[in-house]
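Take a look at the structure set out below.
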Amino acid sequence: MSESLSSPNIMKSKQRVAIVGGGVIGLALGWRLAEAGCSVDIFDAARAGRGASHAAAGMLAACAEAEPGEDTLLDLNRASQTLWPDFARALEAASGLPAGYRESGTLVVALTADDAAKLRHQHAYHQKLGLPVDWLTSVEARRREPHLATRMAGALWCPQDHQADNRAVSTALIAACARAGVRLHEDSPVDRVVTEGSKARGVEVAGVRHAADVVIMAAGAWSRGIETAPARPLPVRPIKGQMLSLQMDPAAPLLTHVLWGPGIYMVPRADGRLILGATVEEKGFDTTLTAGGQLALLTHAWRCVPTIEELPILEQWVGFRPGSRDDAPILGLSDVDGLIYATGHHRNGILLLPVTVKLILDLILDGRLDPLAAPFAAGRFVPRAAAE
Ligand code: FAD
Ligand code: GLY
């Protein structure tokens with residue numbers, strides 16, 4: 001991997017930064033880099049903030065989604081979770097808009113004895129790692145959420161797993177970028193990163209070159225399709241997720257905490273929207289909403305909270321998680337000097353937003369590679385023989 005950004009002097013002159021992709025990752029990096037004095041252009045193939053960042057549920061679920069074998073990713077997720085309150089405050093101050101951060105906590109419910117056995121197993125893992133997760137009886141769970149199904153077998157309570165309204169975050173980031181002087185180019189698909197030898201010189205959009213000293217690849221699920229030679233194509237693929245939302249009465253919502261049940265999560269927004277998600281499908285960039293996908297979401301949700309039956313359906317949609325080969329993000333230096341990766345955030349790009357911004361800014365502004373970022377370098381995908 002290139003070492004050229006390791007010079008602490010890199011920011012002595014005003015850096016020109018081109019960012020490929022205007023999702024939450026590209027927008028947040030653009031905002032912060034412009035505030036730090038960089039000259040920033042963000043290029044998006046369509047409309048900024050309308051990719052996975054629009055489709056997501058906005059759960060900041062470091063504990064509820066913790067899986068054995070992903071301990072390094074868990075450290076990154078937990079680090080980002082602690083940064084969220086300050087990040088939300090800074091974004092609101094910079095944009096003058098709400099970031100939709102809500103300290104709602106998360107309940108993970110078991111409906112059957114079998115579900116409860118699985119949850120107990122997961123809880124043992126949480127306890128081994130010292131995560132803030134408590135076991136609740138069904139009576140205790142229903143005290144928190146009175147509309148839960150009467151037949152329940154227990155629940156986990158994750159008091160630090162909150163939520164952010166990802167659509168509000170995108171809107172606020174676009175405003176913060178504008179105030180910071182970022183030039184946002186929509187409907188401007190980047191065809192390739194322009195390189196000379198092994199140095200990034202900018203990006204090419206519809207045959208027109210835009211010069212830059214640093215290029216950040218933040219094109220989410222589309223990152224693989226953008227030419228970066230001599231750097232290898234990134235192992236990022238789209239992982240389709242179908243979602244839908246229902247409208248609750250905001251004055252008397254059926255749920256107030258984020259809720260996970262078998263095959264479903266349910267995220268209540270302050271304005272009464274209830275987001276239900278999500279399918280996980282290997283179908284490329286297929287935008288089809290299917291009867292089977294939607295039926296599964298509604299059935300699983302109805303088993304947890306039967307009273308959703310009466311709620312109107314507001315919206316149904318599809319999004320594409322940027323999944324890497326090991327489901328972890330790709331952060332930091334590439335084989336090309338000046339080309340930086342901030343992509344592959346898969347199921348957790350909203351959660352990982354503040355820590356991604358911190359790690360990439362440290363790298364670009366101070367030439368500092370935080371040890372927290374080291375396991376997520378693109379070099380982990382290079383076959384050993386090729387790396388020698
Ligand atoms: P995106 O938001 O997809 O942005 C990439 C941008 O790149 C797009 O705007 C696109 O138009 C642009 N682009 C594409 N090609 C080009 C090109 N050639 N040139 C320029 N621009 C280009 N995460 C959580 O933390 N919590 C959740 O609850 C959660 N739920 C999710 C539910 C679903 C159904 C999905 C799909 C994702 C969910 N995620 C969640 C994951 C999260 O949404 C993503 O990890 C995150 O939004 C990735 O942000 P991004 O900016 O990298 O990508
Ligand atoms: N993190 C929730 C999802 O990706 O569906």
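With all pairs of different C-alpha atoms in the average, the Kirkwood value for the hydrodynamic radius of segment 215-277 is 14.7 Å.
Among rounded, prolate and oblate, which fits segment 1-160 when a ≥ b ≥ c are the square roots of the eigenvalues of its C-alpha gyration tensor, a/c under 1.5 means rounded, and a/b larger than b/c means prolate? Kindly include the intermediate steps, with their values, before the conclusion.
Numbers: a/c = 2.82, a/b = 2.08, b/c = 1.36.
Judged from the Cα gyration tensor, segment 1-160 comes out prolate (a/c at least 1.5, a/b above b/c).
Pairs of Lys residues in the chain that lie 8 or more places apart, or on two chains, and have C-alpha atoms under 25 angstrom apart add up to 7.
Rounded to a whole number, what is D in µm²/s for segment 283-388 from Stokes-Einstein with the Kirkwood radius over alpha-carbon pairs (4 °C, 1.567 mPa s)?
Details: Rh = 17.1 Å.
For the chosen part, D equals 76 µm²/s.
Semi-axes of the chain's equivalent ellipsoid from the Cα gyration tensor, sqrt of 5 times each eigenvalue, largest first, rounded to whole Å? Show your work: numbers first, answer last.
Working: eigenvalues 280, 93, 74 Å².
Each semi-axis is √(5λ); the values are 37, 22, 19 Å.
3J(HN,Hα) couplings calculated from phi for segment 95-101 with the Karplus curve 6.51 cos²θ - 1.76 cosθ + 1.60 (θ = phi - 60°) are, in sequence order, 9, x, 10, x, 9, x, 7 Hz; Gly and Pro show x. Based on alpha carbons, the Rg and Dmax found for segment 255-307 are 12.1, 35 Å. When the surface is traced with a 1.4 Å probe over the full set of protein chains, K358 keeps roughly 80 Å² accessible.
With Cα atoms as the point set, the radius of gyration and Dmax of segment 83-174 evaluate to 16.8, 49 Å.
Each residue of segment 177-193 is assigned a 3J(HN,Hα), and the resulting list reads 4, 4, 5, 7, x, 5, 8, 9, 10, 8, 6, 10, x, 7, 7, 7, 8 Hz, derived from the Karplus form 6.51 cos²θ - 1.76 cosθ + 1.60 (θ = phi - 60°), x at Gly and Pro.
The trypsin sites (Lys or Arg not before Pro) of segment 143-242 that meet both conditions, a loop assignment by DSSP and at most 14 other Cβ atoms within 10 Å of the site Cβ, are R151. Between the residues L295, A113, G202, the greatest Cα displacement towards the positive end of the dipole of the chain, with unit charges on the Cβ of Lys, Arg, Asp and Glu, is found for G202. Determine the shape class of segment 336-388: with a ≥ b ≥ c the square roots of the Cα gyration tensor eigenvalues, call it rounded for a/c under 1.5, and otherwise prolate if a/b is greater than b/c, oblate otherwise. It comes out oblate by the Cα gyration axes.
What does the accessible area per residue of the chain come to in Å², with a 1.4 Å probe and no ligands, DNA or RNA counted?
Values: 15940 Å² over 388 residues.
In whole numbers, the chain has 41 Å² accessible per residue.
Near G154, the amide H atoms lying under 5 Å from its own belong to A110, S138; only residues 5 or more places off or on other chains count, and H is placed 1.01 Å from N.
For segment 217-225, 3J(HN,Hα) computed residue by residue from phi via the Karplus equation (6.51, -1.76, 1.60; θ = phi - 60°) reads 8, 9, 9, x, 5, 8, 4, 5, x Hz, glycine and proline entered as x.
With a ≥ b ≥ c the root eigenvalues of the C-alpha gyration tensor of segment 128-200, is it rounded (a/c under 1.5), prolate (a/b larger than b/c) or oblate? Cα axes put segment 128-200 in the prolate bin. Got a sec? Which residues in segment 350-377 would a label at S198 touch, if it sits 7 Å along Cα→Cβ and we count backbone N under 19 Å? Label zone hits: 369, 377. Given the options G207, G220, G332, state which has the largest fluctuation in a GNM of the chain using a 10 Å cut-off (strictly under) for Cα springs. Of G207, G220, G332, the most mobile in the Gaussian network model is G207.
Provide K283, K14 ordered by accessible surface of protein heavy atoms (probe 1.4 Å), highest first. Intermediate values should be presented prior to the final figure.
Values: K283 110, K14 140 Å².
Solvent-accessible surface, decreasing: K14, K283.
A viscosity of 1.567 mPa s and a temperature of 4 °C, combined with the Kirkwood radius over Cα pairs in Stokes-Einstein, give a translational diffusion coefficient for segment 29-121 of 78 µm²/s. Measuring nothing but alpha carbons in segment 198-314 and taking Rh as the Kirkwood radius, the Rg to Rh ratio lands at 1.18.
Under 5 Å between amide hydrogens, built in the peptide plane, is the criterion, and for I19 it picks out D41, I42, F43, I216 among residues at least 5 positions away or on other chains.
Rounding to the nearest 20 debye, state how big the charge dipole of the chain is about its Cα centre with +1 on each Lys and Arg Cβ and -1 on each Asp and Glu Cβ. Can you show the working numbers first?
Working: 38 positive and 42 negative charges, 37 e Å.
Computed about the Cα centre, the dipole is about 180 debye.
Computed in the context of the full set of protein chains, the accessible area of segment 90-190 at 1.4 Å probe radius has 51% of its extent on carbon or sulfur. Projecting label points 7 angstrom from Cα along Cα→Cβ for E103 and A124 puts them 3.4 nm apart. Only protein atoms count toward the accessible area here, which uses a 1.4 Å probe; on segment 195-342, the carbon and sulfur part of that area reaches 57 percent.
With q set to 0.30 Å⁻¹, the log10 of I(q)/I(0) for segment 85-127, from the Debye formula over equal scatterers at the Cα positions, is -1.01.
When cysteine pairs in the chain are screened for C-beta atoms closer than 4.7 angstrom, the residues that find no partner are C38, C177, C304. Given the DSSP H assignment, sum -39500 (n - 2.57) over each helix run of at least 4 residues in the chain and divide by its residue total; what's the result at 222 nm in deg cm²/dmol, nearest 500? Dividing the helical sum by the residues of the chain leaves -9000 deg cm²/dmol. With unit charges on the beta carbons (Lys and Arg positive, Asp and Glu negative) and the dipole taken about the Cα centre of segment 106-262, which residue among P235, H162, L255 sits farthest to the positive side? Projecting each Cα onto the dipole axis, the largest value belongs to P235.
Would you mind computing Rg(Cα) / (2.2 N^0.38 Å) for segment 92-244, counting N as its residues? Numbers along the way, then the final one.
On the way: Rg = 23.1 Å, N = 153, 2.2 N^0.38 = 14.9 Å.
Compactness ratio reported: 1.55.
Radius of gyration over Kirkwood radius for segment 180-234, both on Cα atoms: the Rg/Rh ratio is 0.95. Which angle between 0 and 90 degrees, to the nearest 10, do you get for helix 353-366 versus the longest principal axis of the chain when only C-alpha atoms count? Orientation of helix 353-366: about 20 degrees from the principal axis.
The values are calculated or read from the model by the stated rules, or taken from the named source; none is laboratory data. Treat the numbers as computed from the prediction; the structure is a model and nothing was measured. Here the Cβ is made from the backbone with ideal geometry for all residues, glycine too, and neighbour counts use every protein chain on show. With ligands, DNA and RNA removed, areas are computed over all heavy atoms of the protein, side chains included. Shrake-Rupley method; radii C 1.70, N 1.55, O 1.52, S 1.80 Å.
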